[in-house]
Amino acid sequence: MSDFSDWLRGFRDLHERARRGGLKEGEESTYLAARDELARAMVAAQRLSLKPGEKARHKLRVARALQLDLEIAGKYQRTVTLDLSAGGFSTVMAMPPGLGESMGVTLRLPAAESLACRARVTDVKPQDGSARVAAAFISLPPADLERLERFIIDAVLAMLAG
């Protein structure tokens, strides 16, 4: 276990320097490889906890409630995320869009500029008076994708610390 603890401590340092823009020459590829390794390990752990009938995820997903403004066919709804990945999000909506429908998304990350893009509805599960809606990002700019991936890694590191 101390090997993992040592690795995690080194990764935390690397991640913090990456967040501050302080990686040395050649460290970016090391950082990205380590970040991918952590994400693969966490996704594998998430797959182990699947209930019968649940789909396996391919991207690291974290449970975080972030403000989400959606524009669907000229109508606006404000909601919060239930969970989030670099590939998309889920939320609960009183008036859900249809499966496959496209929507404008503004996601408010803590202490950062909002991310704005389009997303496509990939799943709608009715609940009592509402629906759980999952959507995949379809036009997230690369710089925003990087900010989102770093936010997700921050959330994972916070979870592993406590």
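What follows draws every value from the coordinates through simple rules; no lab data is involved. Treat the numbers as computed from the prediction; the structure is a model and nothing was measured. With ideal geometry, Cβ positions are generated from the backbone for all residues, glycine too; neighbour counts draw on all protein chains shown.
Comparing mean-square fluctuations of ARG61, ARG150, ARG19 from a GNM of the chain with C-alpha springs under 10 Å, the top value falls on ARG19. On the basis of the beta-carbon distance and an R0 of 41 Å, THR30 and VAL92 show a calculated FRET efficiency of 0.55. Amide H to amide H distances under 5 Å link ARG64 with ASP83, LEU84, where only residues 5 or more positions off or on other chains count and H is placed in the peptide plane.
By its C-alpha gyration tensor, with a ≥ b ≥ c as the square roots of the eigenvalues, how is the range 116-162 shaped: rounded for a/c under 1.5, else prolate for a/b larger than b/c, else oblate? Oblate, because a/c is 1.5 or more while a/b does not exceed b/c.
Report the net charge of residues surrounding PRO96, where surrounding means a beta-carbon distance below 11 angstrom and charges are Lys +1, Arg +1, Asp -1, Glu -1. Mind dumping the intermediate values first?
Working: positive: LYS125, ARG132; negative: GLU101, ASP123.
That sum, taken over residues with Cβ under 11 Å, equals 0.
Working note: Cα atoms of the chain, range along each principal axis, descending, whole Å: 48, 37, 24.
Measuring r between the beta carbons of PHE4 and ALA63 and using R0 = 22 Å, the FRET efficiency lands at 0.45.
With a length cut of 15 Å (Cα positions projected on each helix's long axis) and a Kyte-Doolittle mean of at least 0.0, go through the chain and give me the DSSP H helices that pass. Both cut-offs are met by 142-161.
Taking the alpha-carbon distance from LYS125 and a cut-off under 16 Å, which aspartates and glutamates remain once sequence neighbours fewer than 8 residues away in the same chain are dropped? Leaving aside aspartates and glutamates fewer than 8 places away in the same chain, those within reach of LYS125 are GLU54, ASP83, GLU101. GNM on the chain, C-alpha springs below 10 Å: top fluctuator among LEU23, LEU60, LEU82? Of LEU23, LEU60, LEU82, the most mobile in the Gaussian network model is LEU23. Could you tell me how far the Cα centroid of the range 5-45 sits from the Cα centroid of the range 62-120, in Å? Centre-to-centre (Cα) distance: 27 Å.
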